[in-house]
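The values are calculated or read from the model by the stated rules, or taken from the named source; none is laboratory data. Predicted, not measured: the structure shown is a model, and the values here were computed from it. Here the Cβ positions follow ideal geometry from the backbone for every residue, glycine too, while neighbour counts run over all protein chains shown. Just so you know, the surface numbers come from the protein's heavy atoms only, side chains and all, with ligands and any DNA or RNA stripped out. Shrake-Rupley method; radii C 1.70, N 1.55, O 1.52, S 1.80 Å.
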Amino acid sequence: MPANQTRSRARERSNVLNRAEFMSLNQPLKSSSAEARGAARRPSQRLQQSQNQQGANAQHESPENNKERKELPEEDCMQLNPSFKGIAMNSLLAIDICMSKRLGVCAHSTSSWGSVRSMVKLLALTGHGIPWVFGTIVCLTRSNTLAGQEVLVNLLLALLLDVMTVAGMQKLVKRKGPWEMAPSFLDYLAMDIYSFPAAHASRAVMVSKFLLAHLVLAVPLRILLVLWAVLVGMSRVLLGRHHLTDVGCGFALGFLHYSLVEMVWLSSNTCQNLISIGTFNWSPLY
């Protein structure tokens, strides 16, 4: 027995793996298995941490933000049971847009009626507000009769009323035309930027009705004046600037402006006072 023990000790000493620098090779791989288990547990721990963080953020959110999420805009909500009135209005608007686009045959030079685009633009220019306002002022400065000055002053007030009313309504509605077109320089001056209502149509009807009521004209001229008002309104549709409903509302607004001017018609004395103020010749003691 003592001999065997001495032999086993000698073998252990002679074994290279029993040295101190090689002792780590004989130990089991406990750390590697632990690391593998930890790596397997890390994704689940990260998922739990992210869920807990989201829950905490949801709790810290204010009730106003929750209301904003719940209350979606009406445009994004689907009306599952629309009313008959809503269906009828949407159908009429769709028909209006479709017909207005089809009638815009002079919208561009490459359109089907692009060859007559310049003539249609010239016709539309006759109903623009800037030429009518400045033309009325020029005629007023050259008029020598009290009756003529009275008519011209009331016409000028009617034109200014038309420009301001249409500009205010267009600013409120902000409806764009059937074709995307940038307004011209004259349109910016007359504040005729949007589509509804049609300013040219309103002005043409108001002017034609005013001239028919206060000027003595022959029958052919009266017919031409009415035809001019209708063509001016339709020219804006052909140019792709307005919808058909814009022109129709413009015609109705023109009749309304004429009625208002007739109701508040300024007398000759009032017109003379206004002319004196405008020419800086007004003397209040005279």
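Starting from the Cα of ASN144, step 7 Å along the direction of its Cβ; do the same at VAL116; then give the gap between the two resulting points in nm.
4.4
Can you tell me the length gained on complete extension of the stretch LYS171 to MET99, counting 0.36 nm per residue apart and subtracting the Cα distance?
Result for the pair: 23.5 nm of gain on full extension.
If you filter region 127-221 for trypsin sites (Lys or Arg not before Pro), then keep DSSP loop positions with at most 15 other Cβ within 10 Å, what is left?
Filter output for region 127-221: LYS174, ARG175, LYS176.
Per Stokes-Einstein, at 10 °C and 1.306 mPa s, what whole-number D in µm² s⁻¹ belongs to region 116-276, with the Kirkwood radius over Cα pairs as the hydrodynamic radius?
In µm²/s, the coefficient rounds to 98.
Could you work out how much longer the chain between TYR188 and MET164 gets when fully extended? Use 0.36 nm per residue separation minus the Cα distance between them, nm to one decimal.
Details: separation 24, 0.36 × 24 = 8.64 nm, distance 1.29 nm.
That works out to 7.3 nm of additional length.
Using a 1.4 Å probe, what is the accessible area per residue for region 116-276, in Å²? Present the calculation step by step, with values, prior to reporting the outcome.
Details: 8140 Å² over 161 residues.
Heavy-atom accessible area per residue stands at 51 Å².
I'd like to compare 181-192, 223-234, 153-164: which one has the highest average count of other Cβ atoms within 10 Å, and what's the full order after that?
Highest mean packing first, the order is 153-164, 223-234, 181-192.
Where the accessible area of region 116-276 is counted over protein heavy atoms with a 1.4 Å probe, how much of it, in %, is carbon and sulfur?
Result for region 116-276: 74 percent of the exposed heavy-atom area is carbon or sulfur.
Using a Förster distance of 30 Å, how high is the FRET efficiency between SER268 and ILE130, based on the Cβ-Cβ distance and rounded to 0.05?
That pair, SER268 with ILE130, gives E of 0.60.
Mind running the shape call on region 218-267? Use the C-alpha gyration tensor, a ≥ b ≥ c as the square roots of the eigenvalues: rounded below 1.5 for a/c, prolate if a/b tops b/c, oblate otherwise.
Oblate is the answer for region 218-267, as a/c is 1.5 or above yet b/c matches or exceeds a/b.
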